[in-house]
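The values are calculated or read from the model by the stated rules, or taken from the named source; none is laboratory data. Note that the coordinates shown come from a computational prediction; the quantities given were computed from them, not determined experimentally. Here the Cβ positions follow ideal geometry from the backbone for every residue, glycine too, while neighbour counts run over all protein chains shown.
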Amino acid sequence: MNYKTVLTVCPYCGCGCGMYLPVLDGQLGQPIPDKTHPLSEGRLCIKGWAASEHVVSPDRLTQPLVRTGDDLKQATWDEALDLVASRLMTLRDRHGPDSLAFLCSAKCTNEENYLLQKFARTTVGTNNVDHCARL
Amino acid sequence: MAGLVTAFGSGAMTNSVPEIEEADCILVTGSNTSENHPLIGARILRAQRKGAKLVVVDPRHIHLAQFADIYARSRPGTDVAWVNGLMHIILTEGWEDREFIAARTDGFERLKEKVAEYSPERVEAITGIKQGQLREIARLYAGAERASIVYAMGITQHTTGTDNVLSLANLAMLTGNVGKRGTGVNPLRGQNNVQGACDVGGLPNVFPGYQQVTDPKVREKFEQAWEIKPEFKGLPQEPGLTLVEMMNACAEGTLKSMFILAENPVLSDPDVNHVREALQNLKFLVVQDIFLTETAELADVVLPGSSFAERDGTVTSTDRSVQRMRKAVEPPGGALPDWEIICQVAKRCGGNGFEYDSPEEVFAEMAHLTPIYGGINYSRLENEWLRWPCSSPEDLGTEFLHHDQFAKGRGLFTAVEYREPVELPDEQYPFMLTTGRQIFHYHTGTMTRRSPSLAREVEQGFIELSPYDALQLGVQDGEKVTVASRRGVIEIKVKVTSTVSRGLVFIPFHFAESAANVLTHRALDPVAKIPEFKVCAVSVSRGPQPDVRCD
Ligand code: SF4
């Protein structure tokens, strides 16, 4: 039996409550509030308590999907990534960098958002970068 | 955010969350805090038990209103008017902080002239807030040693959103309630990393750390650090499109392709029918997410990313606290960490500088280029609590901003005129619709509706209708009604409640099958470009109405 708890942050609202995620033999359990956390001081709201549930949902995407006609079909990473790269670059070359736009995510980490805007600005060459926080 | 940048030089929450408990008076407006930021809501109530006065101004009688020392019901979209009214009273009574105004701010005379026009009588006529109540609020707020303002999207999601924020900033500066503990102007961020996404350059006009893309010196710094290939002739110089502008550009055909990282604009954006059509108009749409969201269903390629439990990295909470997220389990099947996917795409597009071994390396590069994060690194985050700005390894971070001076030097008062919401009720659409969230769900419900214990609590969308209007329409709690606006029609169950007043209806936006944002419109705040979700006109009729169509 292999048990560990990992300290992380609730994925929901901006309160940033601290929680431990228990993992038993690779299986994710329900969050445990972090008693010493300066923002949440050992408490979570109902969303926080349920934060593991969506992770183990059977609806999770587990493979890239590529459109063929009306359907999205499973594809390998190489197929999907090559398609993305070639289409993005073709459109950019044909219509200019500002014909592409990128939406960052308030659900992703600082590192991920940093990388996406770096990609947009350096590789594509556009400042068309925004996110949904205006909403 | 634009409002606070103009007034103070920084758009973030001025004070930290724990400081709320040190306030003597807390003014909550446009934030249903106990439902949307439950643990901050709990802290506000704790502050009240310690003796703070709680004032709530909101069109809806929200949960916190039940406990408030004063609850004032304002008409939606009239925030500038009542805040000007408060300042009018404060100045008439001589309750302003003259020393603070003289030492730290500009623009006071113009403000004074403007708010002189907002007598309590006039404000009552505009906002519906009784003069006596307004006076009492002014007395509590201005009389407190430390007064704190807490707000959220109920303030920003208007065509006058920037004006609303400027007004609140005016109020805080007028009374010297900024730049010290337990005070401030505090916008609560709706999602886990809204603050961080802004901080690291997820905006069309700034690089990481709010460094302007239009500033040649800034561009040069990033060009060198990012080793821009010569054939690129430097980084783009003009600010890009904002979200709603992007959607319009899709519809017009000037945008050809979008890459959407874990967002679901098909449900979250105003006038979703327009958004759907706009995205379908693209030549190529990429969505990276953990579920097949309504937006991903429209994509040409869907890339499976990781959930919060499967990733390492950092997020920045609403009060600027930078926190580590840590990976607990592996992503399912072939899903990958999002940072790896983005690097893969970038490299295959010929991108330079996307060879990282870990998020820690990404963070180090970012912190190096982002002065407000400059002193933060993963090892410090192991045992220190850091709020930005934190510029050097010795810097212990910043609990509250604008201590000795404002981020921009001197604070700026802006004289703000009240403007009516763009769409007001009329004969055909007699109700005012406002939208928002509720406690069991989060944003578009992508995650929460797939969580059995949350979905069980509230499975379906609903419309809040006042008992008076329910009686007039002859509808009962739980019955279905048809709600129409100039943009769309939905069918939805009724919840009869005195949370809303006569003529006002509320719909939470989490539910795809009865999406509130079918009804909302795209009118934008001219500065912040935030859509006006909070006010539009609708009609409500009993039962399904097959012939109700939008015009
Ligand atoms: S536990 Fe609740 S209050 Fe805390 S961050 Fe999560 S959603 Fe927000």
From the residues in segment A:54-75 that are within 8 Å of chain B (Cβ to nearest Cβ) and not aliphatic (A, V, I, L, M), which one is farthest from the ligand (Cβ to nearest atom)?
-> A:67
Return the residue satisfying two criteria in turn: it lies in segment A:8-28 and is more than 22 Å from residue B:189 (Cα to Cα) and buried (at least 16 other Cβ atoms within 10 Å of the Cβ), and of such residues it is farthest from the ligand (Cβ to nearest atom).
-> A:23
Which residue pairs have Cβ atoms under 8 Å apart, sit 6 or more places apart or on different chains, and have a first residue in segment B:189-205 that is under 10 Å from residue A:104 (Cβ atoms) and a second that is part of a helix (DSSP H, G or I) and among the hydroxyl-bearing types (Ser, Thr, Tyr)?
-> B:200/A:114; B:201/A:114
Taking residue A:51 as the residue in question, decide whether it is within 12 Å of the ligand (Cβ to nearest atom) and either over 30 Å from residue A:126 (Cβ atoms) or not assigned by TED's automatic domain parsing to the domain that holds residue A:132 (or both).
-> yes
Which of the residues belonging to segment A:1-39 are within 7 Å of chain B (Cβ to nearest Cβ) and assigned to a strand (DSSP E or B)?
-> A:6, A:7, A:8, A:9, A:21, A:23, A:28
Is it the case that residue B:287 is buried (at least 24 other Cβ atoms within 10 Å of the Cβ), more than 10 Å from every other protein chain (Cβ to nearest Cβ) and closer than 27 Å to residue B:488 by Cα?
-> no
What about residue B:167, is it away from chain A (no Cβ under 14 Å), in contact (Cβ under 8 Å) with a residue 60 or more places away in the chain and more than 16 Å from the ligand (Cβ to nearest atom)?
-> yes
Picking from A:107, A:73, A:118, which residue would you name as being touching a residue at least 24 places away in the same chain (Cβ under 8 Å) and of a type outside the set (A, V, I, L, M, F, W, C)?
-> A:107
Considering residues that are buried (at least 22 other Cβ atoms within 10 Å of the Cβ) and either more than 7 Å from chain B (Cβ to nearest Cβ) or of a type in the set (D, E, K, R) (or both), the number found within segment A:40-53 is 4
Are there any pairs, at least 6 apart or on different chains, whose C-beta atoms fall under 6 Å, with the first in segment B:30-42 and free of Cβ contacts under 8 Å to residues at least 60 places away in the same chain and the second of a type in the set (Ser, Thr, Tyr) and not in a helix (DSSP H, G or I), and if so, which?
-> B:39/A:40
Collect the residues in segment B:491-504 that are touching a strand residue (DSSP E or B) at 6+ places or on another chain (Cβ under 7 Å) and either free of Cβ contacts under 8 Å to residues at least 12 places away in the same chain or within 24 Å of residue B:58 (Cβ to Cβ) (or both), keeping them in residue-number order.
-> B:492, B:493, B:494, B:495, B:496, B:497, B:499, B:500, B:503, B:504
Tally of residues being part of a strand (DSSP E or B) and either at pLDDT 90 or above or surrounded by fewer than 17 Cβ atoms within 10 Å (Cβ to Cβ) (or both) across segment B:364-422 | 5
Hey, residue B:239 in contact (Cβ under 8 Å) with a residue 12 or more places away in the chain, touching a helix residue (DSSP H, G or I) at 6+ places or on another chain (Cβ under 8 Å) and farther than 30 Å from residue B:21 by Cα or not = no
What do you reckon, is residue A:80 part of a helix (DSSP H, G or I) and either outside the structural domain of residue A:11 (by TED's automatic domain parsing) or at pLDDT 90 or above (or both)?
-> yes
Only one of B:142, B:138, B:102 is more than 21 Å from residue B:8 (Cβ to Cβ), out of contact with any strand residue (DSSP E or B) (no Cβ under 8 Å at 6 or more places or on another chain) and either outside any strand (DSSP E or B) or not hydroxyl-bearing (Ser, Thr, Tyr) (or both); which?
-> B:138
First in segment B:102-118 and closer than 18 Å to residue B:86 by Cβ, second anywhere and of a type in the set (Ser, Thr, Tyr) and in a loop (DSSP other than H, G, I, E, B), Cβ under 7 Å, 6 or more apart = B:107/B:414
Would you mind stating whether residue B:378 is within 11 Å of another protein chain (Cβ to nearest Cβ), within 25 Å of the chain's Cα centre (by Cα) and not small (Gly, Ala, Ser)?
-> no
Which numbered condition residue B:6 misses (of (1) hydroxyl-bearing (Ser, Thr, Tyr); (2) more than 16 Å from the ligand (Cβ to nearest atom); (3) outside any helix (DSSP H, G or I)) | (3)
If you take the residues in segment A:116-133 that are within 7 Å of chain B (Cβ to nearest Cβ) and touching a Ser or Thr at 6+ places or on another chain (Cβ under 7 Å), which one is modelled with the lowest pLDDT?
-> A:132
Residue A:113: passes all of (1) touching a residue at least 12 places away in the same chain (Cβ under 8 Å); (2) among the polar types (S, T, N, Q); (3) more than 7 Å from chain B (Cβ to nearest Cβ); (4) outside any loop (DSSP other than H, G, I, E, B) but (3)
Does residue B:27 qualify as being outside any loop (DSSP other than H, G, I, E, B) and within 16 Å of the ligand (Cβ to nearest atom)?
-> no
Criterion (crowded, with 24+ Cβ neighbours inside 10 Å and of a type in the set (Phe, Trp, Tyr)) met by exactly one of B:222, B:207 = B:207
Would you point out the residue of segment A:61-71, among those that are at pLDDT below 95 and not polar (S, T, N, Q), that is surrounded by the most Cβ atoms within 10 Å (Cβ to Cβ)?
-> A:71
Is it the case that segment B:170-189 has a residue that's part of a loop (DSSP other than H, G, I, E, B), within 12 Å of chain A (Cβ to nearest Cβ) and surrounded by 24 or more Cβ atoms within 10 Å (Cβ to Cβ)?
-> yes
Every residue from segment B:43-91 that is surrounded by fewer than 20 Cβ atoms within 10 Å (Cβ to Cβ), in contact (Cβ under 8 Å) with a residue 12 or more places away in the chain, away from the ligand (no atom under 16 Å from the Cβ) and part of a helix (DSSP H, G or I) = B:48, B:67, B:91
Does any residue in segment A:40-54 that is assigned to a loop (DSSP other than H, G, I, E, B) come within less than 7 Å, Cβ to Cβ, of a residue that is charged (D, E, K, R) and more than 7 Å from the ligand (Cβ to nearest atom) six or more places away or on a different chain, and which pairs are these?
-> A:40/A:34; A:42/A:34; A:42/A:35
Hey, can you tell me all the residues within segment B:302-344 that are aliphatic (A, V, I, L, M), free of Cβ contacts under 8 Å to residues at least 24 places away in the same chain and over 26 Å from residue B:37 (Cα atoms)?
-> B:302, B:329
